[in-house]
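In what follows, a single structure is set out as structure tokens and then discussed.
Read-outs throughout are calculated quantities, based only on the coordinates presented, and are distinct from any laboratory measurement. Just so we're clear, the structure is a prediction, and the values are computed from it rather than from any experiment. All Cβ positions, glycine included, derive from the backbone under ideal geometry; neighbour counts span all protein chains shown.
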Amino acid sequence: MPVAGRIGRAAGVDVYREGEANPGATNAWRLAGPGAGLAVLAGDVAKGALPVLVARRAFPSDRAAGVGRPAGRTMGPTPARRATWAAGVGAILGHAFPPGGRRGGRSVATLAGVLAALAPVPAAAAAAVTLAILPLRGREAAITAGLVAYPIAHGTLRRDLPELAAVGALEAGVALRWAATRQRDPVRTADPAS
């Protein structure tokens with residue numbers, strides 16, 4: 001679902017061609033104002049969280065498979081864990097490479113939604129770090145700090161090495177997508193936060 005495209009169109013802008021030509025919250029914010037940017041951010045986060053939550057609901061049998069064991073004991077890939085991770089990866093890939101030939105987004109907000117649905121407490125810690133850094137160092141530094149903070153919080157709080165490795169792989173993929181799309185942006189603004 002092209003959240004930024006729809007909200008941009010409603011605001012009279014084309015996020016695919018104007019600004020940095022990226023269908024994301026920052027471009028929508030710059031082109032159509034903070035309301036549009038926050039709406040796109042909320043939509044993209046929901047785009048990541050909802051499939052994971054639906055998958056978790058569809059496979060409620062993890063309690064029998066060992067979810068809730070003491071920290072430090074891994075549980076292995078139960079059907080529910082596989083389904084939630086597949087839903088999260090699918091949401092990120094669908095956002096980055098949408099069907100129909102449209103340009104996809106960088107997937108940072110969608111990743112945030114996926115991670116928040118998978119493990120809310122580490123996600124809240126990463127969000128706090130991101131929000132603390134944002135006014136001090138700008139958007140890119142804040143996002144980078146959040147991407148670093150999440151696996152630290154996840155590893156500290158959940159102690160699940162296989163899941164932590166999967167988080168690292170997801171984050172690395174989104175970081176590479178982010179870097180690749182930053183290189184090809186047709187318009188780069190002088191905004192120090194970009």
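The table below lists the values:
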item: Dipole magnitude (debye, nearest 20) for the range 1-50, charges at Cβ of Lys, Arg, Asp, Glu; result: 100
item: Note, ³J(HN,Hα) from phi for the range 84-89, Karplus 6.51, -1.76, 1.60, rounded to Hz, x at Gly and Pro; result: 5, 5, 4, 5, x, 4
item: Net dipole in debye of the range 3-184 [+1 Lys, Arg Cβ; -1 Asp, Glu Cβ; about Cα centre; nearest 20]; result: 240
item: Qualifying trypsin sites (Lys or Arg not before Pro) for the range 4-61 [loop in DSSP, other Cβ within 10 Å: at most 12]; result: Arg17
item: Computed Kirkwood radius, in angstrom, where 1/r is averaged over Cα pairs of the range 3-184; result: 17.0
item: Positive-pole candidate from Ala28, Pro162, Gly104, dipole of the range 3-184, charges at beta carbon; result: Pro162
